[in-house]
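One structure is given here, and the rest of the page talks about it.
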Amino acid sequence: MTRTRRLALAAFLFAIPVAASGCGGSTSTGAGSGQPAGTGTAGSAHRVIISGFAFHPSTLTVPAGTKVTFVNQDSTVHTATGSGGFDSGNLQHGQSYTYTFTKAGTYNYICSIHQYMHATVVVTGK
Ligand SMILES: [Cu+2]
């Protein structure tokens, strides 16, 4: 009795990483470094690093429902400013801003201080 229950639990635990890698879709198109690969699951953490007066990666593709955190690693103040409430405001060095992309679409954004800094978040359907 207890043995079969334990086996069932073990099978369940083993099934988790398989399912996670199976439906995740490792579409991290990040040409930049430091982007963890294969974490394309909705709700998981994604990062855009602001450094050298640029957003890295310049195009980030995530499934709908994903939280994206923008981290300013420059000593200069930057923003990540899009539309529809997607606006970090001023980010000092080391500060970050997290926005949840709930709808599919292409989100272009800029740094409102240095408007030549622009990048894109592509949100795919679930
Ligand atoms: Cu800036």
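Here, each number is a calculation from the coordinates, and none is a lab measurement. Everything numeric in this text was worked out from a predicted model, so none of it was measured. Cβ sites come from the backbone with ideal geometry, for glycine too, and all protein chains shown count toward neighbours.
Relative to the current alpha-carbon distance between residue 124 and residue 112, full extension at 0.36 nm per residue lengthens the span by 1.8 nm. Return the long-range amide H neighbours of residue 87 (sequence gap of 5 or more, or a different chain), with a cut-off of under 5 Å between placed amide H atoms. For residue 87, the qualifying residues are 82. Under the simplified labelling scheme, the residue 100-residue 45 pair shows an inter-label distance of 1.7 nm, with each label point 7 Å from Cα along Cα→Cβ. Projected onto their three principal axes, the Cα atoms of the range 76-126 cover extents of 36, 21, 16 Å, largest first.
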